[in-house]
Each structure stands twice: as C-alpha cells, then as structure tokens.
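Here is the structure we will look at, set down as structure tokens.
The values are calculated or read from the model by the stated rules, or taken from the named source; none is laboratory data. On a predicted model such as this, the values are computed, not experimentally measured, just so you know. In this analysis, Cβ positions are derived from the backbone assuming ideal geometry, glycine residues included, and neighbour counts consider all displayed protein chains. Only protein heavy atoms, including side chains, enter the accessible area calculation; ligands, DNA and RNA are left aside. Shrake-Rupley method; radii C 1.70, N 1.55, O 1.52, S 1.80 Å.
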Amino acid sequence: MAHVFRSDAQGTWLESHYKWLIKTFWWSFAIGFVGWIFAVTIVGIVVAVPLWAILFVWTAYRLIVGWIALFREKPIS
C-alpha cells in the first residue's frame, strides 16, 4: 500500500513515513528470506531462529518509532 500511495504524500511531512515504511518492509522481507534459506537445513535453524528474533525486535522498533512520529505529525529523520 505504501508503494501505491507514496506519490500522494510527495512533498509533505508524510513522505518520510512512506520511505521509512517501504524500507522497513523490504529489509524485513530480505532478512526473513535469508532466515528461511538457513532454516531449510537443520544446522541453519540455529542461525535462523536468532536472526528472526533480531529481525522481530528491529521491525518492532522501526514501527514504534514511525507511529510515534506519525502521532506527533513530524517527519522521520
């Protein structure tokens, strides 16, 4: 959705929020995919589970920071 509607926010304080959300999505997708590649092997599960835990914390942090800035009506720096 952010990809579709980001042009509507161009030039406003919301533009940084769309960029932040899109970047969060793609990095989460890529790192999660790498985790799944590791998880295919039994040895890789030892790597995948901590990777997913770190990814969860990182994604939660980015979402919380984004929500706080959104409710304050400020751009994300």
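So what does Leu55 come to for accessible area, using a 1.4 Å probe and Å² rounded to 10?
20
Can you list the trypsin sites (Lys or Arg not before Pro) in the stretch 13-77 that are in a DSSP coil and have 14 or fewer other beta carbons within 10 angstrom?
Arg72
Roll a 1.4 angstrom probe over the protein heavy atoms and tell me the percent of accessible area of the chain that is carbon or sulfur.
Solvent-exposed carbon and sulfur of the chain make up 76 percent of the total.
Would you please give the residues with an amide H less than 5 Å from that of Ile76, counting only those at least 5 places away or on a separate chain, with H modeled from the backbone geometry?
Result for Ile76 returns Ser16, His17.
Helix 42-71 sits at what angle to the longest principal axis of the chain, using alpha carbons and giving 0 to 90 degrees rounded to 10?
10
Restricting everything to alpha-carbon atoms, can you work out Rg to Rh for the chain with a Kirkwood hydrodynamic radius?
With Rg and the Kirkwood Rh in hand, the quotient comes to 1.12.
What number comes out for accessible area per residue over the stretch 1-59 if the probe is 1.4 Å? Units Å², please.
75
Please compute the net charge surrounding Lys23, taking Lys and Arg as +1 and Asp and Glu as -1 over other residues with Cβ under 15 Å from its Cβ.
Around Lys23, the surrounding residues sum to +2.
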